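Here's the structure, in structure tokens; my notes come after.
The values are calculated or read from the model by the stated rules, or taken from the named source; none is laboratory data. Computed from a prediction, not measured in an experiment: that's the story for all the values here. Neighbour counts are summed over all protein chains in view; Cβ atoms, including those assigned to glycine, are modelled from backbone coordinates with ideal geometry. Keep in mind that these areas ignore ligands, DNA and RNA; they rest on the heavy atoms of the full protein, side chains included. Shrake-Rupley method; radii C 1.70, N 1.55, O 1.52, S 1.80 Å.
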Amino acid sequence: MTALLSTRDLVVGYEGRTVLDGLELDLPADAFTVVVGPNACGKSTVLRTMARLLTPRRGAVLLDGAQIRDLPTRDVARRLGVLPQSPLVPEGITVADLVGRGRQPYQRWWRQWSAEDGRAVDEAMRLADVTALADRAVDTLSGGQRQRVWIAMTLAQDTDALLLDEPTTFLDLAHQVEVLDLLHRLRVERGRTVVAVLHDLNQAARYADHLVAMRDGAVVAAGPPREILDAGLVRDVFGLDCVVVPCPVTGAPLVVPARTQTSAAPPARTHSSAAPAGTPAPAGAPVGDA
Amino acid sequence: MTTPTPTPTPSARDLAVAAPANRANAPFEGPQVQDRRSGGRGGALAGKALLRVGPVAVPFRWRAVVVAVVLLVLLLAAVVVSLSLGTPYVAPVDVLRSLSGAGTPYDLVVRDLRLPRAVLAALAGAAFGVAGTLIQSVARNPLASPDVIGVTQGAGLAATIALTSGAAAVLVAPAALLGGLAAAVLVFALGARHGLAAQRFVLAGVAVAFAFRALIEVVMLTADPIDGLRAQLWLIGTLAGKGWTEAAWIAGTLAVLLPVLLWAGWALRGSALDDDTARGIGLRPVARRIGLAGTGVLAAAAVTAQVGAVDFVALVAPQVARRLVRAERPPMLCAALLGALLLVLADLAGRRLFAPTQLPAGVLTAAIGGPYLIFVLLRTRGRRS
């Protein structure tokens with residue numbers, strides 16, 4: 001595989017705390033990569049560092065083999081789209097206007113708009129299915145619509161790769177699936193490289209071509225989910241006992257938490273007891289990540 | 001249902017090749033204005049039209065143009081009224097004839113006594129409008145203005161010291177300018193640790209403002225009462241007894257800043273985005289903030305040094321302009337025009353309301369601008385949600 005983004009001996013920290021210590025990671029081009037791991041494992045930190053939102057203390061992030069910190073940020077923005085975890089919606093901004101901001105790296109103060117900009121914005125809004133919302137104010141939209149608008153903005157950047165930090169958090173199940181389907185289409189139909197941090201292991205297993213499991217700032221395993229995701233990995237990464245069965249819909253690995261102390265004991269609420277092993281859990285159920 | 005199946009849609013790159021590049025390759029025939037509906041471009045321009053002059057392409061809102069033209073007409077009318085009212089009263093017709101150099105008996109009153117002050121009011125108001133727009137955008141706070149971030153107090157402290165220490169009168173304005181800039185440097189230094197993030201910028205500003213205000217009180221209380229009174233008047237801000245000299249300084253500052261302001265008008269566009277999103281689309285948010293805030297502070301310090309703390313204009317003009325234009329951030333040109341209009345009206349009211357007693361313009365800007373801001377706020381809220 002050819003690596004689009006790589007990290008070499010990456011050391012990143014906040015204030016006094018070191019989050020990543022010598023991380024080596026290669027993310028393949030033309031794949032949907034999903035990074036999973038428990039809270040505070042450094043998965044968002046990796047993504048943010050690769051997106052040059054964080055400056056590493058040591059080591060390098062390579063974009064197509066070139067050190068990303070040596071590239072002009074405008075050039076990087078034409079190759080790498082970034083969607084942060086909870087972007088701030090400018091008050092009163094319309095959908096079309098916000099999506100248009102994605103054209104920033106192609107614009108200059110004297111040439112603030114081109115026909116190409118218009119085409120890219122229209123195309124991005126169509127892909128993300130927000131064309132009908134073009135004139136609406138973003139802060140009046142639902143969470144799912146809003147997330148599609150943000151994705152449309154990064155699509156308008158017309159980059160080969162997209163990095164998304166927990167794009168499904170705060171969305172209900174239907175909207176989570178909608179967003180992940182969109183990312184899947186981008187990867188399959190448009191040949192974009194997609195990298196996302198996700199919380200839900202089962203969604204990661206279903207959509208990812210390449211899964212990266214992290215714990216304590218290090219990569220525990222990386223590869224196709226069907227090859228690497230098993231009960232042992234979940235125990236190593238999340239410290240949770242579970243059963244891994246084939247998903248009845250896609251055949252991808254499906255992680256079902258095993259009976260724990262709480263669910264085995266007579267519970268106060270009957271519906272909280274774990275489903276018997278082998279029965280598929282609802283796709284959106286939180287898995288091993290409190 | 002398995003993983004979603006591809007639907008046959010042409011890719012972005014196919015479209016880019018297939019779409020006719022008619023506009024881009026059209027021979028240049030003077031400025032062209034393109035409406036959003038032309039060329040079947042749908043909502044991509046977000047309700048804006050496009051002005052094209054050769055390689056220059058700038059999207060604009062018709063609404064902003066209309067607002068700017070209306071404000072300009074109102075400003076000119078206010079200046080004429082301001083030149084007309086007073087003792088003696090000069091009919092507007094005679095004002096216009098005098099201004100056109102026709103030679104009237106009123107030339108002295110209109111051109112030498114009233115015009116300098118009206119021009120000063122317009123320029124100072126415009127500079128405050130620009131400063132307020134820039135500072136509010138960086139602070140992401142509609143309440144931020146030069147006096148919230150300490151520039152006014154820095155200028156005020158230096159002016160108070162100059163006025164109460166018997167320094168030459170010509171030194172007051174330069175001292176105030178340096179004082180305002182010194183306060184700004186302090187705020188920048190305190191706010192720099194977190195990349196001049198909005199919250200920290202405002203907090204640092206408020207802290208500096210309070211410290212300088214306390215020092216002003218100390219200087220005033222220990223000074224001769226007469227000097228203290230002069231300093232008090234300076235602090236409120238007045239245009240009385242001022243004219244071409246002060247106007248020239250402000251005009252000069254704005255002229256020097258003009259190229260920066262053209263850049264700022266564009267750079268402000270990204271200021272409403274959070275830092276991560278801004279970096280993602282290839283901006284350098286911290287450098288931008290320092291540039292924008294620095295420009296705003298320069299304008300604020302320059303104008304405050306000349307006319308004192310008439311800075312309610314800087315607070316109200318950007319917010320009212322923003323609501324008139326219905327934009328997601330204050331529009332700089334309209335804010336400047338509105339600031340000019342507000343200060344011309346405030347100075348006129350200050351001159352005439354209790355004539356022959358003159359009220360300082362600083363008192364009147366708050367009296368006129370405050371209720372209007374409340375009115376606009378109420379009206380906007382009623383319509384939007």
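For the stretch A:29-45, enumerate the residues that are away from every other protein chain (no Cβ under 12 Å), among the hydrophobic types (A, V, I, L, M, F, W, C) and farther than 20 Å from A:V234 by Cα. Those that are away from every other protein chain (no Cβ under 12 Å), among the hydrophobic types (A, V, I, L, M, F, W, C) and farther than 20 Å from A:V234 by Cα: A:A29, A:A31. Which of the residues that make up the stretch A:76-112 are over 20 Å from B:A327 (Cα atoms) and open to solvent by less than 70 Å² (accessible area, probe 1.4 Å)? Listed by number, the residues that qualify are A:V76, A:A77, A:L80, A:G81, A:V82, A:L83, A:P84, A:P105, A:Y106, A:Q107. Screening the stretch A:198-219 for residues that are assigned to a strand (DSSP E or B) and touching a Ser or Thr at 6+ places or on another chain (Cβ under 9 Å) and picking the one that is farthest from the other protein chains (Cβ to nearest Cβ) gives A:V212.
For the stretch B:132-149, indicate whether the set of residues that are farther than 24 Å from B:G270 by Cβ and in contact with a helix residue (DSSP H, G or I) (Cβ under 7 Å, 6 or more places away or on another chain) is non-empty. Yes.
Output the number of residues of the stretch A:50-82 satisfying the condition of being in a loop (DSSP other than H, G, I, E, B), under 22 Å from the mean Cα position of the chain (by Cα) and within 14 Å of chain B (Cβ to nearest Cβ). Looking only at that region, the number is 7.
Within the stretch B:264-283, residues that are facing chain A (nearest Cβ under 7 Å) and on the phi > 0 side of the Ramachandran plot have Cβ atoms under 7 Å from residues that are part of a helix (DSSP H, G or I) and surrounded by 21 or more Cβ atoms within 10 Å (Cβ to Cβ) in these pairs: B:G282/A:V76; B:G282/A:A77; B:G282/A:Q104; B:G282/A:P105, counting only partners at least 6 apart in sequence or on another chain.
Assess whether B:V67 counts as being more than 10 Å from chain A (Cβ to nearest Cβ), modelled with pLDDT of 50 or more and under 30 Å from B:R323 (Cα atoms).
Details: more than 10 Å from chain A (Cβ to nearest Cβ): yes; modelled with pLDDT of 50 or more: yes; under 30 Å from B:R323 (Cα atoms): yes.
So B:V67 fits the description; yes.
With respect to the conditions (1) in a loop (DSSP other than H, G, I, E, B); (2) within 15 Å of the chain's Cα centre (by Cα); (3) within 21 Å of A:L211 (Cβ to Cβ), A:S86 lacks only one, and its number is (3). Taking the numbered list (1) modelled with pLDDT under 90; (2) in contact with a Phe, Trp or Tyr (Cβ under 9 Å, 6 or more places away or on another chain) in turn, A:D172 passes all entries but (2).
Taking the condition within 14 Å of chain A (Cβ to nearest Cβ), part of a loop (DSSP other than H, G, I, E, B) and buried (at least 24 other Cβ atoms within 10 Å of the Cβ), does B:P318 pass?
Spelling it out, it is not the case that B:P318 is within 14 Å of chain A (Cβ to nearest Cβ), part of a loop (DSSP other than H, G, I, E, B) and buried (at least 24 other Cβ atoms within 10 Å of the Cβ).
From the list B:L123, B:L178, B:L163, the one residue that fits, being assigned to a helix (DSSP H, G or I), surrounded by fewer than 24 Cβ atoms within 10 Å (Cβ to Cβ) and of a type in the set (A, V, I, L, M, F, W, C), is B:L178.
Among the criteria (1) open to solvent by less than 50 Å² (accessible area, probe 1.4 Å); (2) part of a loop (DSSP other than H, G, I, E, B), the one A:S6 does not fulfil is (2).
Output yes when any residue across the stretch B:343-358 is open to solvent by less than 10 Å² (accessible area, probe 1.4 Å), of a type in the set (G, A, S), in a helix (DSSP H, G or I) and more than 30 Å from A:T73 (Cβ to Cβ), and no when none is. Give the derivation first.
Filtering the stretch B:343-358 for residues open to solvent by less than 10 Å² (accessible area, probe 1.4 Å) gives B:343-344, B:346-347, B:350.
If we keep only those that are of a type in the set (G, A, S) too, we end up with B:346, B:350.
Now drop any that are not in a helix (DSSP H, G or I), which leaves B:346, B:350.
Within this subset, residues satisfying the condition of being more than 30 Å from A:T73 (Cβ to Cβ) are B:346, B:350.
The answer is yes; a qualifying residue exists.
When only residues in the stretch A:135-154 that are among the hydrophobic types (A, V, I, L, M, F, W, C) and farther than 19 Å from B:A278 by Cα count, which is farthest from the other protein chains (Cβ to nearest Cβ)? It comes out as A:L141.
Considering only the stretch B:321-330, how many residues are surrounded by 23 or more Cβ atoms within 10 Å (Cβ to Cβ) and not in a helix (DSSP H, G or I)? Reasoning before the result, please.
To start, the set of residues in the stretch B:321-330 that are surrounded by 23 or more Cβ atoms within 10 Å (Cβ to Cβ) comprises B:321-322, B:330.
If we keep only those that are not in a helix (DSSP H, G or I) as well, we get B:330.
The qualifying residues number 1.
Filtering the stretch A:113-135 to residues that are out of contact with any helix residue (DSSP H, G or I) (no Cβ under 7 Å at 6 or more places or on another chain) and buried (at least 22 other Cβ atoms within 10 Å of the Cβ) leaves A:W113, A:G118, A:D122.
Residue under question is A:R57, and the condition is that it be in contact with a Gly (Cβ under 8 Å, 6 or more places away or on another chain), open to solvent by 30 Å² or more (accessible area, probe 1.4 Å) and in contact (Cβ under 8 Å) with a residue 12 or more places away in the chain; does it hold? Can you show your working first?
On the way: in contact with a Gly (Cβ under 8 Å, 6 or more places away or on another chain): yes; open to solvent by 30 Å² or more (accessible area, probe 1.4 Å): yes; in contact (Cβ under 8 Å) with a residue 12 or more places away in the chain: yes.
It is true that A:R57 is in contact with a Gly (Cβ under 8 Å, 6 or more places away or on another chain), open to solvent by 30 Å² or more (accessible area, probe 1.4 Å) and in contact (Cβ under 8 Å) with a residue 12 or more places away in the chain.
Filtered by the rule that a residue be closer than 26 Å to B:Q232 by Cβ, under 11 Å from the mean Cα position of the chain (by Cα) and modelled with pLDDT of 90 or more, the stretch B:127-164 gives B:A127, B:F128, B:G129, B:A131, B:G132, B:I135.
B:A46 meets each of the listed conditions (1) at negative phi; (2) at pLDDT below 75; (3) of a type in the set (A, V, I, L, M, F, W, C) apart from (1).
Residue under question is A:A132, and the condition is that it be more than 8 Å from every other protein chain (Cβ to nearest Cβ), more than 24 Å from A:A31 (Cα to Cα), out of contact with any Cys (no Cβ under 9 Å at 6 or more places or on another chain) and without any contact (Cβ under 8 Å) to a residue 12 or more places away in the chain; does it hold?
Numbers: more than 8 Å from every other protein chain (Cβ to nearest Cβ): yes; more than 24 Å from A:A31 (Cα to Cα): yes; out of contact with any Cys (no Cβ under 9 Å at 6 or more places or on another chain): yes; without any contact (Cβ under 8 Å) to a residue 12 or more places away in the chain: yes.
Yes.
When the stretch A:100-116 is filtered for residues that are farther than 16 Å from B:L283 by Cβ and not small (G, A, S), the ones remaining, listed by number, are A:W110, A:R111, A:W113, A:E116.
Do we find that A:D181 is within 14 Å of chain B (Cβ to nearest Cβ) and outside any helix (DSSP H, G or I) in this structure? Quick ask: steps written out before the conclusion?
Values: within 14 Å of chain B (Cβ to nearest Cβ): yes; outside any helix (DSSP H, G or I): no.
It is false that A:D181 is within 14 Å of chain B (Cβ to nearest Cβ) and outside any helix (DSSP H, G or I).
Mind checking which pairs have a first residue in the stretch A:91-120 that is over 16 Å from A:T131 (Cβ atoms) and a second that is among the β-branched types (V, I, T), Cβ under 7 Å, 6 or more apart or different chains? Going by the 7 Å Cβ cut-off, the qualifying pairs are A:I93/A:V138; A:R101/B:I281; A:R103/A:V121; A:Q104/B:I281; A:P105/B:I281; A:W110/B:V56; A:R111/B:V56; A:Q112/B:V58.
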